[in-house]
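I have placed the structure first, in the form of structure tokens, so that the comments after it can refer back to it.
Since every read-out is calculated from the coordinates, none of them should be taken as a lab result. This is a predicted model, so every value here is computed, not measured. All Cβ positions, even for glycine, are placed from backbone atoms using ideal geometry, and neighbour counts span all protein chains on display.
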Amino acid sequence: MNSIVISILVLGCMGLVFGVVLAIAAQKFEVKEDEKVVAILEVLPGANCGGCGFPGCGGLASAIAANKAPVNGCPVGGAAVAEKVAQIMGVEVEAGERKVASVICAGNCDTAKTKYDYEGIEDCRVAAQLSQGPKSCKYGCLGLGTCKKACGFGAIEIVNGLAVINEDKCVNCGKCMEACPKHIIISKPVSKKVVVACHSNEFGKDVKSKCSAGCIGCGLCAKTCKFDAIKFENKLASIDFDKCIQCKACVKKCPTKVIKVLVDEATENKKLEETKSENEKVEGKNIEDKKIKKDAEPKNVKETEVKVDSAKINKTTDISSKKTDEIKLEQVTVNAVEPEEIEPEFIIVKEPEEE
């Protein structure tokens, strides 16, 4: 019994001593956390997407607190988060336009030719290892959806073998850019809708033989642009978004229509709904006007009195003299649908002769 009590007391004393030692060590070796980092972490969205270039929101918060990253470095949070972070840091946020990802390729299933039929893993990185992919153009989008899988915001869809980005959902996190083996996804200001949808560095003849929607390097767009916003590099036109004013002169001049105006899907759907609603209103109004006009028109059917003489036979029977019955006509009034005159009918009835 005494041995059990002694063991408990010894263990209790050891625990007390170790606890005191750990407490002293914790105070001595304490790593003080920056209050700004904690405050910034509270306002960041916590997506941990890495679009800021740092390992998660914690890395960005530490970098901002150490003045190694801008207060608007979070692409997911946007202007609202940047304003809150600027208040914590005691600085003013720099005005900047939101950026979105953009696919610079127009080679879909209708415009781009293929070298072979690919039947394998639905991953662009895997397909690219086999003769640079099934499409004839080695620079084009493979359309197997690797970028779509990488996007955590549902901003990418594969339409007719080509990646299409919804700019309303895109936060420019950069995950799709990292995932694309062809490097055809770039970042651009959201207001800049004119892009060169091609990434090929081949000569025009080779481009035309592989894709009908590729840049042939003719240079007409650069000659047309009055603002020096288009430059050529490696036989490919590219737009300087800082100089481009969206005049769309290059769009009209491009012979292959590879320079195009990106359509905002949400805005386009809204316009379609408004147009559909307007057409329904106009159609309903036309039907109502026709109904009112029809009710206001006089009826075609007119009631006309037409006198028809009906035969009333006044028999004056005289067998010996064999006289014919005298017929007297009685006037009868009848309503007719059409105002046609009906001639009176006279009916003559003869008695059979006696032998």
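Exposure proxy ranking for His199, His183, based on other Cβ atoms within 10 angstrom of each Cβ and starting from the fewest, stands as His183, His199.
Taken over the Cα atoms of segment 99-267, the convex hull encloses 108 Å³ per residue. In terms of packing, defined here as the mean over residues of other Cβ atoms within 10 angstrom, the peptides 86-92, 165-171, 29-35, 219-225 line up highest first as 165-171, 219-225, 86-92, 29-35.
Legend: residue pairs Lys193/Lys257; Lys248/Lys281; Lys210/Lys243; Lys135/Lys192; Lys99/Lys182; Lys175/Lys223, Cα-Cα distance threshold 24 Å; pairs beyond threshold, Lys248/Lys281; Lys210/Lys243; Lys135/Lys192; Lys175/Lys223. Take the alpha carbon gyration tensor of segment 68-152, find the square roots of its eigenvalues, order them as a ≥ b ≥ c, and report rounded if a/c is under 1.5; if not, report prolate when a/b exceeds b/c, else oblate. Here segment 68-152 falls in the prolate category.
Under a 5 Å amide H cut-off, with hydrogens placed 1.01 Å from N, Ile156 pairs with Asn166 among residues at least 5 apart or on other chains.
Couplings 3J(HN,Hα) of segment 129-134, computed from phi: 6, 9, 6, 6, x, x Hz, in residue order, whole Hz [Karplus 6.51 cos²θ - 1.76 cosθ + 1.60, θ = phi - 60°; x for Gly and Pro]. With N counted as the residues of segment 32-96, its alpha-carbon radius of gyration over 2.2 N^0.38 Å works out to 0.96. Here Phe54, Phe153 are placed in order of increasing Cβ neighbour count within 10 Å, fewest first, which gives Phe153, Phe54.
Where a ≥ b ≥ c are the square roots of the eigenvalues of the C-alpha gyration tensor, would you call segment 1-70 rounded, which needs a/c under 1.5, or, failing that, prolate if a/b is larger than b/c, or oblate?
Prolate is the answer for segment 1-70, as a/c is 1.5 or above and a/b outweighs b/c.
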